[in-house]
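S.K.: The structure is given below, and queries will be raised subsequently.
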Amino acid sequence: MRTRLVVLGLLVALLLVACGGGGTETAPAESSAPTTPEPVAEVEPAQEIQFFNWSEYIDPDIYEIFEDEYGIRVVESNFASNEEMLAKLQGGATGYDLIVPSDYTVAIMIEEGMLAELDHANIPNLENLSPRFRQVPYDPGNKYCVPYQWGTTGIGYNSALIDEPTSWAVLFDPDPNAPYYGRAMMLDDPREGMAAALVYLGYDINTTDEAQLEEAKQALLRAKPALAGYDSDQFDDLLAAGETVLTHGWNGDILVAQEENLDVAYTIPQEGGVVWIDNVCIPNTVTPERKKAAEIFINFLLRQDIGVLLSEFNYYASPNAAAEEMLDEEFLSDPAVYPPPQVLDKLQYIEPLGDFESVYQRIWDEVKAAR
Ligand code: SPD
């Protein structure tokens with residue numbers, strides 16, 4: 001009897017071991033017993049970041065204040081179009097920690113997996129954004145990017161030399177006897193250039209209709225004799241200096257030129273124009289240290305006082321509701337900065353076109369190469 005009980009006891013003990021029970025020595029690793037979490041190593045931010053931005057798009061004082069407060073230096077280099085910036089990054093450039101793509105380019109970069117997800121814990125000032133800029137269609141919830149400034153594309157002109165242009169015809173059916181003939185400019189930007197011609201013709205600026213695109217090409221070719229050139233960096237300075245009389249351009253840059261030359265004015269022709277949102281984003285090639293520093297800088301840009309400095313320098317509308325509370329009433333009610341609803345209704349966003357993007361680029365290249 002005693003022997004049978006010992007055998008039974010051994011069997012029960014073996015079963016307990018097999019089932020993972022029977023004492024602490026056999027407790028599995030995934031036991032639900034409370035454990036102390038390993039401390040997560042805090043990443044130290046880099047002391048320098050490389051900022052790839054449009055030219056003249058930030059008050060240099062902002063860098064100084066940031067470096068004084070955080071000990072992080074921001075080194076800026078510039079691009080002149082979304083396509084130029086995108087080509088550099090697609091070509092393998094890895095040195096950039098923060099970039100400023102426009103809406104449709106953000107969509108392309110997300111699609112291609114080129115952007116790092118933002119750690120919102122490092123960007124508490126996101127709450128300063130206006131609600132509509134927290135849910136932009138190309139990046140809902142600001143998963144990858146934070147809106148920086150927004151604006152429109154229209155026509156800048158010298159009001160001492162010509163009347164306000166009411167139609168894009170001044171560019172696409174130019175009058176050879178007008179003072180602007182030979183002294184006009186267009187942005188050196190494939191999607192913006194095509195958009196201006198398509199808007200003039202009454203078409204969607206994202207059309208893939210080959211016949212409409214051919215018409216746009218012909219309009220762009222008709223503009224050529226009136227043009228002094230294509231430029232996205234100097235178009236504002238040339239207008240302020242009186243070198244040009246008329247220019248296709250971005251509202252803020254033209255309004256800054258107005259400070260130098262009071263004859264400079266900005267208008268959106270009756271056919272409409274482009275509305276856009278530029279954003280700060282982090283390429284997915286950055287190190288954790290540089291990403292942390294870039295996020296600290298994004299958070300800084302979202303501060304109320306820095307948002308004010310940004311818009312006061314750029315003359316572009318702010319996506320930052322807290323900053324708008326501190327901006328001058330005169331600025332907020334300027335229709336050239338904040339277009340009224342009837343003008344907004346006539347503006348279109350550039351959309352990503354996938355493979356068809358190359359058709360726009362090809363037409364643009366052909367137009368620029370034509371004599
Ligand atoms: N001087 C900086 C101007 C930046 C304009 N970005 C707008 C791009 C819209 N396609």
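S.K.: Against the conditions (1) under 14 Å from the mean Cα position of the chain (by Cα); (2) more than 16 Å from the ligand (Cβ to nearest atom), where does VAL136 fall short? Just the number, please.
M.R.: Unmet condition: (2).
S.K.: Ok, one more. Within region 271-286, can you find the residues that are away from the ligand (no atom under 15 Å from the Cβ) and within 22 Å of LEU86 (Cβ to Cβ)?
M.R.: ILE282, PRO283, ASN284, THR285, VAL286
S.K.: While we're on this one: Any idea which of (1) within 16 Å of the ligand (Cβ to nearest atom); (2) open to solvent by less than 50 Å² (accessible area, probe 1.4 Å); (3) touching a strand residue (DSSP E or B) at 6+ places or on another chain (Cβ under 8 Å); (4) not in a loop (DSSP other than H, G, I, E, B) is the one GLN258 doesn't satisfy?
M.R.: It fails just one condition, (2).
S.K.: Give region 120-133 a look and list any residue that's among the charged types (D, E, K, R) and either open to solvent by less than 70 Å² (accessible area, probe 1.4 Å) or within 16 Å of the chain's Cα centre (by Cα) (or both), or say none.
M.R.: Matches in region 120-133: ARG132 only.
Here's the yes/no breakdown for (1) within 16 Å of the ligand (Cβ to nearest atom); (2) modelled with pLDDT of 95 or more; (3) touching a Ser or Thr at 6+ places or on another chain (Cβ under 7 Å):
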residue: LEU198; (1), (2), (3): yes, yes, yes
residue: THR208; (1), (2), (3): no, yes, no
residue: GLN212; (1), (2), (3): no, yes, no
residue: GLN218; (1), (2), (3): no, yes, no
residue: LYS224; (1), (2), (3): no, yes, no
residue: ASP231; (1), (2), (3): yes, yes, no
residue: ASP237; (1), (2), (3): yes, yes, no
residue: ALA240; (1), (2), (3): yes, yes, no
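S.K.: If you go through region 171-198, how many residues are in contact with a strand residue (DSSP E or B) (Cβ under 6 Å, 6 or more places away or on another chain) and closer than 12 Å to PRO269 by Cα?
M.R.: Counting residues in region 171-198 that are in contact with a strand residue (DSSP E or B) (Cβ under 6 Å, 6 or more places away or on another chain) and closer than 12 Å to PRO269 by Cα gives 1.
S.K.: If the Cβ limit is 9 Å and pairs must be 6+ apart or interchain, which residue in region 144-156 that is without any contact (Cβ under 8 Å) to a residue 12 or more places away in the chain pairs with which residue that is away from the ligand (no atom under 12 Å from the Cβ)?
M.R.: Listed pairs, sorted by first residue: none to list.
S.K.: How many residues, within region 211-236, are within 29 Å of ALA257 (Cβ to Cβ) and open to solvent by 40 Å² or more (accessible area, probe 1.4 Å)? Full working, then the answer.
M.R.: Step one: of region 211-236, the residues within 29 Å of ALA257 (Cβ to Cβ) are 216, 219-236.
Next, from what is left, pick out any that are open to solvent by 40 Å² or more (accessible area, probe 1.4 Å): 221-222, 224-225, 228, 230, 233-234.
Of the residues in that region, 8 qualify.
S.K.: Would you mind stating whether ALA228 is assigned to a strand (DSSP E or B) and in contact (Cβ under 8 Å) with a residue 40 or more places away in the chain? Please lay out each step first, then the result.
M.R.: Numbers: assigned to a strand (DSSP E or B): yes; in contact (Cβ under 8 Å) with a residue 40 or more places away in the chain: yes.
So ALA228 fits the description; yes.
S.K.: Take THR267 and tell me if it is among the hydroxyl-bearing types (Ser, Thr, Tyr), within 27 Å of ILE108 (Cβ to Cβ) and away from the ligand (no atom under 16 Å from the Cβ).
M.R.: no
S.K.: In the same structural domain as ALA323 (by TED's automatic domain parsing), within 16 Å of the ligand (Cβ to nearest atom), touching a helix residue (DSSP H, G or I) at 6+ places or on another chain (Cβ under 9 Å) and of a type outside the set (Asp, Glu), is that true of SER102?
M.R.: yes
S.K.: Sticking with this one: Return the total of residues in region 167-190 being surrounded by fewer than 20 Cβ atoms within 10 Å (Cβ to Cβ), in contact with a Pro (Cβ under 9 Å, 6 or more places away or on another chain) and part of a loop (DSSP other than H, G, I, E, B).
M.R.: Matching residues across region 167-190 total 4.
S.K.: Let me ask another. Could you grab the pairs with beta carbons closer than 8 Å, sequence gap of 6+ or different chains, first residue in region 283-309 and closer than 20 Å to GLN90 by Cα, second one surrounded by fewer than 22 Cβ atoms within 10 Å (Cβ to Cβ) and hydroxyl-bearing (Ser, Thr, Tyr)?
M.R.: That search, which allows pairs on different chains as well, returns PRO283/THR94; THR285/THR94.
S.K.: For region 191-210, name all the residues that are open to solvent by less than 10 Å² (accessible area, probe 1.4 Å) and free of Cβ contacts under 8 Å to residues at least 40 places away in the same chain.
M.R.: ALA197, LEU198
S.K.: State whether one or more residues within region 304-312 are open to solvent by 10 Å² or more (accessible area, probe 1.4 Å), more than 30 Å from GLU117 (Cβ to Cβ), within 16 Å of the ligand (Cβ to nearest atom) and in the same structural domain as ILE99 (by TED's automatic domain parsing).
M.R.: There is at least one residue in region 304-312 that is open to solvent by 10 Å² or more (accessible area, probe 1.4 Å), more than 30 Å from GLU117 (Cβ to Cβ), within 16 Å of the ligand (Cβ to nearest atom) and in the same structural domain as ILE99 (by TED's automatic domain parsing).
The values are calculated or read from the model by the stated rules, or taken from the named source; none is laboratory data. Remember, predicted model here, so these are calculated numbers, not experimental data. Positions of Cβ are generated from backbone atoms using ideal geometry, with glycine treated the same way; all protein chains shown enter the neighbour counts. Side chains included, ligands, DNA and RNA excluded: accessible areas come from the protein's heavy atoms. Shrake-Rupley method; radii C 1.70, N 1.55, O 1.52, S 1.80 Å.
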